[in-house]
Amino acid sequence: MKIAVTYENEEIFQHFGHTAQFKVYEVENGEIVSSQVVDTNGSGHGALAGVLTALNADVLICGGIGGGAQMALAQAGIKLFGGVTGDADTAVADFLEGKLEFNPNVQCNHHDHHHGEGHTCGEQGCGSHQCGSHSCH
């Protein structure tokens, strides 16, 4: 089994579509036998599902992820654990022990402006303007 994690500085990178690296763990008999950090070479959003397919990933552990990417992963047969934060190695160990907590309704929050508590979705902000290349509804 191969487990991929969106990766930056030992942590789970929180925006799937913008991740520059995956850390890929090779697992045999419930034990991690090897891991490597793989560059996405600037691939974004939909193309990242293709990168994971090429890596033969079975599972993706990540932070925020949009609906389109979720669908692409589902079509590729990659099991998604989104909404995960913290240390990448710890998350994989928790997954292997069946203890990984995840939010099945995870989404890429900068597409939604019902944040509460004055959250401004990173530097994009929310409101009636354009958020990067995505329009806020």
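Using Cα pairs closer than 8 Å and at least 6 residues apart in sequence, work out the relative contact order for the range 2-106, in percent.
Values: 205 pairs, mean separation 30.4, N = 105.
Reported relative contact order: 29 percent.
How would you classify the range 2-106 from its alpha-carbon gyration tensor, with a ≥ b ≥ c the square roots of the eigenvalues: rounded for a/c under 1.5, else prolate if a/b is greater than b/c, otherwise oblate?
On the way: a/c = 1.37, a/b = 1.24, b/c = 1.10.
Cα axes put the range 2-106 in the rounded bin.
Say R0 is 30 Å: what FRET efficiency, to the nearest 0.05, do residue 54 and residue 99 get from their beta-carbon distance?
Numbers: r = 29 Å, r/R0 = 0.97.
It comes to 0.55.
Residue by residue through the range 77-87, what is 3J(HN,Hα) from phi via Karplus (6.51 cos²θ - 1.76 cosθ + 1.60, θ = phi - 60°)? Round to whole Hz and write x for glycine and proline.
Here the 3J(HN,Hα) series is x, 9, 6, 9, 10, x, x, 9, 10, x, 5 Hz.
Taking neighbour Cβ counts within 10 Å as the exposure measure, how do 81, 16 sort from fewest upward?
On the way: 81 22, 16 25.
Neighbour counts put them in this order, fewest first: 81, 16.
At what distance in nm do the modelled label points of residue 31 and residue 85 sit from each other, each positioned 7 Å from its Cα along Cα→Cβ?
3.4
Once R0 is set to 41 Å, what does the formula 1/(1 + (r/R0)^6) return for the Cβ-Cβ distance between residue 9 and residue 75, expressed as a FRET efficiency to the nearest 0.05?
Working: r = 31 Å, r/R0 = 0.74.
That pair, residue 9 with residue 75, gives E of 0.85.
Rule-based calculations on the coordinates, nothing more; no lab input. Please read these numbers as outputs of a predicted model, since none were measured by experiment. All Cβ positions, even for glycine, are placed from backbone atoms using ideal geometry, and neighbour counts span all protein chains on display.
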